[in-house]
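A.B. asks: Here's a structure for you.
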Amino acid sequence: MPTPSLERLQHVRSTLRAVLTWRIAVLAAIVIVVFAGGQRLLGSLFVSAGMVREQIHEAVLRQTGLEFLVNGKTSVSFWPSPVITLENVQIVRQAASSAETIFQAEAISGRFDVVSALTGSPQFSSVTLARPVLRVVRSPEGTFPWQSAIPAKANGRSTLYDLHLGRIKLVDGTFQFRQQDGIEAKFQEVAGALEFSTLSRSLSFDLSAEAADRSLTLSGSLAEPEKLMSGDNSGVSFNLISDDLTANFSGTANVGERSFIAGALDASAADVGAAAKWVGLNYPVLDKLKVVDLKASLASEGLKFTLSDLRLQLPNYQATGVASAGWTKRGAPPFVSGTLAFDNFDAGAFLAAFVPAVGNLQDMPLRFDTSFLRDFQVDLRMSASKAAFGAISVTDMAAGVRIVDGHASFAVASGQVANGNVSAEVSVDEDQEKGPLCKLVMQARNVDLGAVPAALGLSGPWPQATGNLELDIRSRLPLLPSGHAETNGSIKVSGGAGKLAGFDPAVFRELSSQKRFFDLSLASATPLRFDSFQMAAVIDNGIAELNTASFRSTSGDLDLAGVIPYKNSSLAVSGTLGPAAGSNAPATRFFAGGAWPNILISPFSAVMSGQ
């Protein structure tokens, strides 16, 4: 066991250790206090407001070639930490005959390091900008004001490399950007913060602002802001949220002479028209468009932006493909081109975005807005598993949209409709004197013609057979399925064996021999079955002149000719129903009139006999 002398020795050692630890702690605290106080003492003795202001002036001039001017009071305080405040500050680009203000602020307050100020290179840990205004003008060559006055890069590093900055807080700021002979943008009530130490290191930002009466927030980061400002590439990511638009991007950007942006884009727009107006693009055709989600690889080249691996989700359908948009040159109308594959596509709504759709003639405008023919150019190839043109459904559609030089067209190169094939083109051409000219050309082969009445909203007798349909009509007003008084053109329909519902030849002959006139609906019990038929009509200002309508049938050939003023749903047609095969009975001649589908029949025998 320990002896008494050994216990005393251990006690002495423990006491000495405690005393030394306490003294070291006190000494360290004294050193820290003295050092901190020494900094403030050194600062108060050797650092003046004028000295720091001059160092900032020299740094800005050396780094950017721009003049840093303080037109108001400058003050420095050292407690609780060194802070300099400069009032009424400007950064100016001196020209031969004038001075251009690049930046101004009511006040700048910054916490700085005293030792760095003593060495001539003040370093700031935080800066607050009160009501700052930044005006940036980009030349047509892609340079900025701070680039034209600074020396060229040396050793792959620009002169902005050693500019020491910290956290920058913005209070009620304004940012104005203008591309010479190009776009302009203005952001007001800018607030938030920029986080970075030097321009050579990454920068993060979290800002809010007002632009064109809309609020937005913008957050993200720049991997190498110094390179971006000097005309080189830098990694960039941002998240933009506004009233009508949300966008997230991550990739690479360059704002210099060969500016570009490339990376992954994820965006949505609740109102594409409003979002377009927000950035200065006012196109009524976009007003009804909504984008639920857009994902793509974005790449730009000059004024052209390409979306590859595009996945587009619209409210009722989605598409994949590639699309490009932009301008061929500054001042030219914007263009859209590409290839899109839809699962379902509402072609009727798409066309209505360009040409107004109305339900009746009373609402039809005398002229409609064709400014889209001049506002932009489109060359878009489209496909759809299923496309709807009102009540008409087309499957496996391949189509193209073109708008160029005052001409717009939607052309269906191929598609399946009513068990047959269809090709069609709807076009609009501009005529400043007579108004726009709308055209519809359609060819349908081997289609179920029985589906036509339902698609066009018609009723009454119509051939039910497999056949062909050719349509060529034009109008100065938007085309309606039922037509209108301004429509001109032609229609041809032909087919093989089938039936004409609503026309019973046996009952028709019997009623014609007994009555002076009768409603066609009384002779509709059994349809007329035919081996083939053909119809041809010329449409002229709301009247269809039926040149021929011939049905070859063993129950008796039926031939019709006359006029159909469809603008008021009436008709005036003469016809002949031949005898049934093997019969020597005379042909039945008659007149059909009235309002469709209530057709009144007057046999010629009754008319000629005066019954």
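Just so it is clear, none of the values below were taken in a lab; they were calculated from the coordinates. Values in this document were obtained by computation on a predicted structure and should not be read as measured data. All Cβ positions, even for glycine, are placed from backbone atoms using ideal geometry, and neighbour counts span all protein chains on display.
A.B. asks: Stretched out fully, how many nm does the piece from ILE241 to ARG131 gain, at 0.36 nm a residue minus the Cα gap?
C.D. replies: Here the answer is 37.3 nm.
A.B. asks: First measure r as the distance between the Cβ atoms of LYS434 and ILE183, then evaluate 1/(1 + (r/R0)^6) with R0 = 35 Å and state the FRET efficiency to the nearest 0.05.
C.D. replies: Between LYS434 and ILE183 the formula returns 0.45.
A.B. asks: Could you calculate the contour length gain from LEU471 to SER513, that is, 0.36 nm times the residue separation minus the distance between their Cα atoms, to one decimal place in nm?
C.D. replies: 11.4 nm
A.B. asks: What is the Å³ per residue value for the convex hull set by the Cα atoms of the range 211-309?
C.D. replies: Per residue, the Cα convex hull of the range 211-309 comes to 110 Å³.
A.B. asks: Could you list, in their original order, any pairs among LYS329/LYS386; LYS186/LYS227; LYS227/LYS277 whose Cα atoms are separated by more than 28 Å?
C.D. replies: LYS329/LYS386; LYS227/LYS277
A.B. asks: Restricting attention to the range 55-98, which trypsin sites (Lys or Arg not before Pro) occupy a DSSP loop and are surrounded by at most 12 other Cβ atoms within 10 Å?
C.D. replies: When the trypsin sites (Lys or Arg not before Pro) of the range 55-98 are filtered for loop state and at most 12 Cβ neighbours within 10 Å, LYS73 remain.
A.B. asks: I would also like to ask the following. Label 7 Å along Cα→Cβ of VAL336; the range 373-388 residues with amide nitrogen under 13 Å?
C.D. replies: 373, 375-382
A.B. asks: Under 21 Å Cα to Cα from LYS295, which lysines show up? Leave out anything in the same chain fewer than 8 places away.
C.D. replies: The reachable lysines, counting only those whose Cα sits under 21 Å from LYS295, are LYS304.
A.B. asks: If you average the alpha carbon positions of the range 165-242 and of the range 429-452, how far apart do those two centres end up, in angstrom?
C.D. replies: 51 Å
A.B. asks: Let me ask something else about it. Determine, from the Cβ-Cβ distance of SER423 and SER208 and an R0 of 45 Å, the FRET efficiency 1/(1 + (r/R0)^6), rounded to the nearest 0.05.
C.D. replies: 0.30
A.B. asks: Sort 378-389, 320-331, 437-448 by the packing proxy (mean of other Cβ within 10 Å over each peptide's residues), most packed first.
C.D. replies: 378-389, 437-448, 320-331
A.B. asks: Per 0.36 nm of contour for each residue apart, how much would the distance between ARG167 and LEU303 grow if the chain were fully extended, relative to their Cα-Cα spacing?
C.D. replies: That works out to 45.5 nm of additional length.
A.B. asks: Would you mind putting 400-410, 284-294 in packing order, based on average other-beta-carbon counts within 10 Å, highest first?
C.D. replies: The peptides rank, most packed first, as 400-410, 284-294.
A.B. asks: While we're here: What translational diffusion coefficient, in µm²/s and rounded to a whole number, does the Stokes-Einstein relation yield for the range 465-576 at 20 °C and a viscosity of 1.002 mPa s, taking the hydrodynamic radius as the Kirkwood radius over Cα pairs?
C.D. replies: 140 µm²/s
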